[in-house]
Amino acid sequence: MLAVYKKELRGAFTSMFGYLFLTFLLALVGFYVYTFNLKLEYASIAYAINSVTMFFLLLVPMLTMRILSEEKKQKTDQLLFTSPVSVTRIVIGKYLALVSILLIAMLIISVYPHILARYGTVNMKVAYSNIAAFFLLGCAYLAIGLFVSALTESQIVAAILTFIVILFTLLADALKGMIPSDHAISVLVLAVLVFILAGIAFLMMKNWFVFGGLLVVGYAVLFGLYFWKETLYDGFLTKMLGWISLISRFDKFKYGLFDVAAYVYYLSIVFLFVFLTVQAIKKRRWS
Amino acid sequence: MIEVKNLVKKYGDFTPVDDLSFIVEDGEILGFLGPNGAGKSTTMNMITGYISATSGDVYIDGHSMFDEPEEAKKCIGYLPEIPPVYPDMRVREYLNFVADLREIPAKQKAAEVDRVMGLARVDHMQKKLIKHLSKGYRQRVGLAQALVGNPKVIILDEPTVGLDPMQISWMREFIRSLAKEHTVILSSHILFEVSAICDHVLIINHGKKIVMDTPDNVIRTIGGTEGVYLAAKTTAERMNELIGSIAEVAHVRAEAAPSDGVVACSVFPTEGADIREKLFRTFADANVVLLELRTESKTLEEVFIALTGEEGTC
């Protein structure tokens, strides 16, 4: 695990990606801190940081696109997966290297509230809960990027897919207002989702019984609940979009609210996607 | 010791490896032979734990690759078809990384890396970026990688492909020398190579074992009876007449004439008979000049084609 971690960290700084990521991130934070805190004289760093979150769209793929796809392409994964280190430890080593690079930026950003404190009163608790939330949000996005990189051999495909997924989580809030909230449409969309899931299961296992079984059980539950209590589906799609909206959980911090649930949510995303990455690699070795 | 038990790999309807079993004893070199697409690389990838098997198991020194992969993988050094090197790393840096992966203690790391670089003869390249190395040197760095930690089992997938003749002969020597301390499996589609280096040959085709034996035995038992090639200064009719007078001749195959006025053919005797002396006397008595007379042992190549029913690619 340590070997992979060290290699990735060194790799990020022998290629230009590590520097590019840090420069880009720190320049953005610097720009917004300058505008909000120095020019407009806000005491809280929250607004500046909040403005940077949308740039994760570009920052995260920069760091994650090659992390697993390149190993597969160069066939160096043959070295990694035949070495006496388990897939889980390899993936965790790689992920921790990504997090460490982000952490370098966070350490520098952590100094800013103290600089601002020289010119006025800064609520340190708000400042650091914001910085921590920003870091965890970044960790969640890095985990998603890591997972996407495990799915493909091409850096470009990984970068574009990661971009789209992060964009979707950013726009989820805006989409909420656009979609109809009545139960009939919800059920319809869910029916299509069940069909797609069964289809994916069929493609993976090539088994008609699994496909049919999933469809029958899925639709039975779906329509059973619908006929039992149709109000259950009211606003269901909006709720689903809410689940994947990483950014909406960040907003509370801006207003100085401390939300442990958001931290837990981000950490869950991290665990889920690191776990999915390990599964995706193991699955590939099986098929 | 490597024990492969009923190994099967299926991709949907396609079965690249179909119920393969064999054992390689300590200190042996097994040559793994088959036409392109016969399942050699797939089998090696399963033995080294890179991909999992649909069914069956592999035991490395008694450790099951599927139940205790970490223990089993510790005993294996693997050089895949394409050397698994990072172009942006320097040779020494890369081998240090491999040593870390294989959990070589920090104190022994430098010495171990020096040792494998010396063995693979890449020590003078240690500060170079791997992307600047030629194919032959990359292959050697890949070989050095497989030797890190001195694993008991070494698996080489087509180790001589893409090397120049000097490097090939060095690589063969080197593999031979490995056998003193290691158990080696190497795959190849170059038949001469396998018969020159290996203690045993395993021929597979379409994922199935066709034969496993020593190279000599494979040729002897499957190769059938040996023919005698002869060239004489005479006409075809005269030659057939003379050969026809020998009782032990089973059949005759005409060969291309080496030069004008010379006829050549291969004579196959009935089982077990040695007809060389009789041929000589017959021709001498008839006062026909024999220019050449030699037994023709079948090459592994011919055996291979006969066994697999396909052209071997050399």
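Below, the figures for the structure above:
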{"item": "Distance in nm between pseudo-label sites at A:Leu26 and B:Ala111 (7 Å out along the Cβ direction from Cα)", "result": "4.2"}
{"item": "The range B:118-175: C-alpha gyration tensor shape, a/c 1.5 cut-off, then a/b vs b/c", "result": "oblate"}
{"item": "Area of B:Glu248 that stays accessible when all protein chains are in place (1.4 Å probe, Å², to 10)", "result": "50"}
{"item": "P(r) weight above 22 Å for the range B:44-122, C-alpha pairs, percent", "result": "36"}
{"item": "DSSP loop trypsin sites (Lys or Arg not before Pro) with at most 16 other Cβ within 10 Å excluded, longest remaining stretch of chain B", "result": "B:181-314"}
{"item": "Choice from A:Asn37, A:Asn50, A:Asn207 with maximal GNM fluctuation in chain A (Cα, 10 Å cutoff)", "result": "A:Asn207"}
{"item": "Cα-only Debye scattering, chain B: base-10 log of I(q)/I(0) at q = 0.07, 0.09, 0.10 Å⁻¹", "result": "-0.39, -0.58, -0.67"}
{"item": "Long-range tail of P(r) for the range A:202-287 (Cα pairs > 15 Å, %)", "result": "76"}
{"item": "Relative contact order of the range B:209-290, defined on C-alpha pairs under 8 angstrom at six or more residues apart (%)", "result": "34"}
{"item": "Heavy atoms of B:Ser177 accessible to a 1.4 Å probe, total area in Å² rounded to 10", "result": "50"}
{"item": "log10 of Debye I(q)/I(0), alpha-carbon scatterers only, for chain A at 0.11, 0.16 Å⁻¹", "result": "-0.77, -1.27"}
{"item": "Charge dipole of chain B about the Cα centre (unit charges at C-beta), most positive-ward option of B:Asn150, B:Met239, B:Ser259", "result": "B:Asn150"}
{"item": "Spin-label pair A:Leu2/B:Asp57, simplified geometry with 7 Å Cα→Cβ offset, distance in nm", "result": "3.3"}
{"item": "Value of [θ]222 nm, deg cm²/dmol, for chain A, DSSP H segments ≥ 4, -39500 (n - 2.57) each, nearest 500", "result": "-25500 deg cm²/dmol"}
{"item": "Gyration tensor verdict on the range B:1-73 (Cα atoms; rounded if a/c is under 1.5, prolate if a/b is larger than b/c, oblate otherwise)", "result": "oblate"}
{"item": "Neighbouring partner chain Cβ atoms per residue of A:83-93, average, 10 Å criterion", "result": "4"}
{"item": "Helix-only CD estimate at 222 nm, as mean residue ellipticity for chain B, using -39500 (n - 2.57) per DSSP H run (n ≥ 4)", "result": "-9500 deg cm²/dmol"}
{"item": "Ellipsoid semi-axes in whole angstrom, largest first, where each is sqrt(5λ) of the Cα gyration tensor of the range A:1-110", "result": "34, 13, 10"}
{"item": "Cα-derived Rg to Rh of the protein assembly as shown, Kirkwood definition", "result": "1.15"}
{"item": "Charge dipole of the range A:137-287 about the Cα centre (unit charges at C-beta), most positive-ward option of A:Ala150, A:Ser245, A:Ile166", "result": "A:Ala150"}
{"item": "Computed magnitude of the charge dipole of chain A (debye, nearest 20; Cβ of K, R +1, Cβ of D, E -1)", "result": "820"}
{"item": "Assigned charges on the beta-carbon of Lys, Arg, Asp, Glu; the protein assembly as shown dipole about Cα centre (debye)", "result": "2960"}
{"item": "Heavy atoms of A:Glu230: accessible area, 1.4 Å probe, square angstrom to 10", "result": "90"}
{"item": "Given charges at Cβ of Lys, Arg, Asp, Glu: the protein assembly as shown dipole, positive-most of A:Tyr226, B:Ala72, B:Met212", "result": "A:Tyr226"}
{"item": "Three-way shape label, the range A:139-287, alpha-carbon gyration tensor, a/c 1.5", "result": "oblate"}
{"item": "The range B:30-51 and the range A:147-204: distance between their alpha carbon centers, rounded to Å", "result": "39"}
{"item": "Interchain or long-range residues, amide H under 5 Å from B:Leu291's placed H", "result": "B:Ala231, B:Ala232, B:Lys233"}
{"item": "Estimated dipole of the range A:156-261 in Debye, rounded to 20 [Cβ of Lys and Arg +1, of Asp and Glu -1, Cα centre]", "result": "200"}
{"item": "Equivalent ellipsoid dimensions for the range B:87-196 as semi-axes, Å, which come from the Cα gyration tensor, largest first", "result": "23, 17, 11"}
{"item": "Those lysines that a straight Cα-Cα span of less than 19 Å connects to B:Lys152, excepting residues fewer than 8 apart in one chain", "result": "B:Lys73, B:Lys74, B:Lys109, B:Lys180"}
{"item": "Other protein chain Cβ atoms within 10 Å, averaged over every residue that makes up B:81-89", "result": "5"}
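The values are calculated or read from the model by the stated rules, or taken from the named source; none is laboratory data. Model, not experiment: these values are computed from the prediction. Quick reminder, even Gly has a Cβ in these numbers, built from the backbone with ideal geometry, and neighbours come from all protein chains shown. Accessible surface is based on the protein model in full, side chains and every heavy atom, while ligands, DNA and RNA are left aside. Shrake-Rupley method; radii C 1.70, N 1.55, O 1.52, S 1.80 Å.
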